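Worksheet: one structure, shown below.
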Amino acid sequence: QVQLVESGGGLVQPGGSLRLSCAASGSIFSIYAMGWYRQATGNQRELVATIRNGGFTVYGDSVKGRFTISRDNAKNMVYLQMNSLKPEDTAVYYCNADLLPSDSYSRGDYWGQGAQVTVSS
């Protein structure tokens, strides 16, 4: 069974930094992409950043230049370095992986349980 577990959320002041980590574990044959999405109260879930095999990255417009996504393929981990945080970055951040499990022929999206990030003075 595949699991994604996030860590690193918390409370930070505006202008501060946080680093989120996500570890994918279980019976995984291949991971094609990993990424981060977020959902603020009352809003729809939105893309923060994704990174595909080969290192191709995509960022949401609101985080470009402030957030950086990276990946450790050997450890099946993805990271999100968040700098210059703003109150509007407050949300639950979800880790996502596009992967093929070892015990299935069905490639699909898997999600973590979410990590709260609160930006407030």
- Item | Segments 29-39, 90-100, 44-54 sorted - mean Cβ within 10 Å per residue, highest first | 90-100, 29-39, 44-54
- Task: Go through the stretch 97-108 residue by residue and turn each phi into a ³J(HN,Hα) via Karplus (6.51, -1.76, 1.60, θ = phi - 60°); whole Hz please, and just put x for glycine and proline.
- Result: 9, 9, 8, 10, x, 5, 9, 8, 9, 9, 6, x
- Measuring from its Cα centre, the chain shows a charge dipole (+1 at each Lys and Arg Cβ, -1 at each Asp and Glu Cβ) which, in debye to the nearest 20, is 220 debye
- Label the chain by shape, choosing from rounded, prolate and oblate, from the square roots a ≥ b ≥ c of the eigenvalues of the Cα gyration tensor; if a/c is under 1.5 it is rounded, and otherwise prolate applies when a/b is larger than b/c, oblate when it is not. prolate
- Would you mind working out the accessible area per residue for the chain, using a 1.4 Å probe, and quoting it in Å²? 53 Å²
- In whole Hz, the Karplus estimates of ³J(HN,Hα) for the stretch 28-36 (6.51, -1.76, 1.60; θ = phi - 60°; x where Gly or Pro) are 10, 7, 7, 10, 9, 7, 9, x, 10
- Query: Can you run phi through the Karplus equation (6.51, -1.76, 1.60; θ = phi - 60°) for the stretch 114-120 and list ³J(HN,Hα) in whole Hz, with x for Gly and Pro?
  - Reply: x, 10, 7, 10, 10, 10, 7
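The values are calculated or read from the model by the stated rules, or taken from the named source; none is laboratory data. All values derive from a computational prediction rather than experimental measurement. Please note: Cβ atoms are built from the backbone with ideal geometry, for glycine as well, and neighbour counts cover all protein chains shown. Ligands, DNA and RNA are stripped out before the accessible areas are found, and what is left, the full protein with its side chains, is counted by its heavy atoms. Shrake-Rupley method; radii C 1.70, N 1.55, O 1.52, S 1.80 Å.
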